[in-house]
Amino acid sequence: MQYTATYSSPLGGITLASNGEQLTGLWFDGQKYFGSTLGPQHEARDLPVFHEAARWLDLYFSGQEPAFTPPLCLQGSPFRRAVWDLLLQIPYGQRMTYGELAAKLARQRGLDSMSAQAVGGAVGHNPISLIVPCHRVVGSQGNLTGYAGGLQRKTQLLALEARGTGCPIG
């Protein structure tokens with residue numbers, strides 16, 4: 001069975017999904033690929049994992065870097081999971097380009113190169129927004145490109161993190 005909960009963020013409503021023990025989804029309401037890992041059978045339930053995720057979100061939206069990660073269950077192909085694992089390594093307040101992610105994944109796999117577009121597709125289908133920080137991925141010149149939650153939210157999230165680290169927005 002799958003379970004859901006909602007969270008009210010400064011950037012709009014968020015829907016959380018869980019398998020009962022781990023977080024399986026976190027989407028801004030109405031975002032692209034909303035509910036991508038959520039089957040038709042699910043029910044709202046008060047679960048410890050949702051409390052932990054809400055605590056993480058409270059800290060994050062207050063401008064702090066959460067020092068923990070709620071238990072996650074990332075559901076996707078091995079390629080997508082490898083990309084999402086790399087996203088989890090991008091430090092709070094920092095950014096990485098799609099090309100840098102592709103090069104890092106290629107090195108891990110012993111390849112000369114990898115398509116930044118393929119990596120971008122995996123980034124875009126990240127089912128656990130914010131906690132798996134796909135918003136920290138930018139274009140080759142540092143330009144803000146695609147975000148399933150919308151570019152305005154991406155801009156706001158990066159600005160929030162820049163203030164939290166004391167780094168200038170840019």
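The values are calculated or read from the model by the stated rules, or taken from the named source; none is laboratory data. A quick note: this is a predicted structure, and the numbers were derived from the prediction, not measured. Virtual Cβ from ideal backbone geometry, glycine too; neighbours counted across all protein chains shown. Ligands, DNA and RNA are excluded from the accessible area calculation, which covers all protein heavy atoms including side chains. Shrake-Rupley method; radii C 1.70, N 1.55, O 1.52, S 1.80 Å.
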Given (1) of a type outside the set (Lys, Arg); (2) on the phi < 0 side of the Ramachandran plot; (3) part of a loop (DSSP other than H, G, I, E, B), number of the condition GLY63 does not satisfy: (2)
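Answer with yes or no whether ALA106 is over 26 Å from SER9 (Cα atoms) and either open to solvent by 30 Å² or more (accessible area, probe 1.4 Å) or aliphatic (A, V, I, L, M) (or both).
It is true that ALA106 is over 26 Å from SER9 (Cα atoms) and either open to solvent by 30 Å² or more (accessible area, probe 1.4 Å) or aliphatic (A, V, I, L, M) (or both).
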Residue within region 85-95 that is over 13 Å from the mean Cα position of the chain (by Cα) and hydrophobic (A, V, I, L, M, F, W, C) present: no
Helices (runs of 4 or more DSSP H) fully within region 75-170 counting 2 or more residues that are free of Cβ contacts under 8 Å to residues at least 12 places away in the same chain and over 28 Å from GLN2 (Cβ atoms): 98-108, 151-165
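Yes/no matrix, rows are residues, columns are (1) under 17 Å from LEU105 (Cα atoms); (2) open to solvent by less than 10 Å² (accessible area, probe 1.4 Å); (3) in contact with an Asp or Glu (Cβ under 6 Å, 6 or more places away or on another chain):
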site	(1), (2), (3)
HIS135	no, yes, no
SER140	yes, no, no
THR145	no, no, no
GLN156	no, no, no
LEU160	no, no, no
Qualifying positions in region 18-32 - in contact (Cβ under 8 Å) with a residue 60 or more places away in the chain and part of a strand (DSSP E or B): LEU23, THR24, GLY25, LEU26, TRP27, PHE28
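Filter region 3-14 for residues that are under 18 Å from PRO71 (Cβ atoms) and either at pLDDT below 95 or aliphatic (A, V, I, L, M) (or both) and give the result.
So the first thing to find is which residues in region 3-14 are under 18 Å from PRO71 (Cβ atoms), and the list is 3-5, 7, 14.
Answer for region 3-14, where residues must be under 18 Å from PRO71 (Cβ atoms) and either at pLDDT below 95 or aliphatic (A, V, I, L, M) (or both): ALA5, ILE14.
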Restricting region 25-69 to residues that are in contact with a Pro (Cβ under 7 Å, 6 or more places away or on another chain) and among the hydroxyl-bearing types (Ser, Thr, Tyr), the residue that is least open to solvent (accessible area, probe 1.4 Å): TYR60
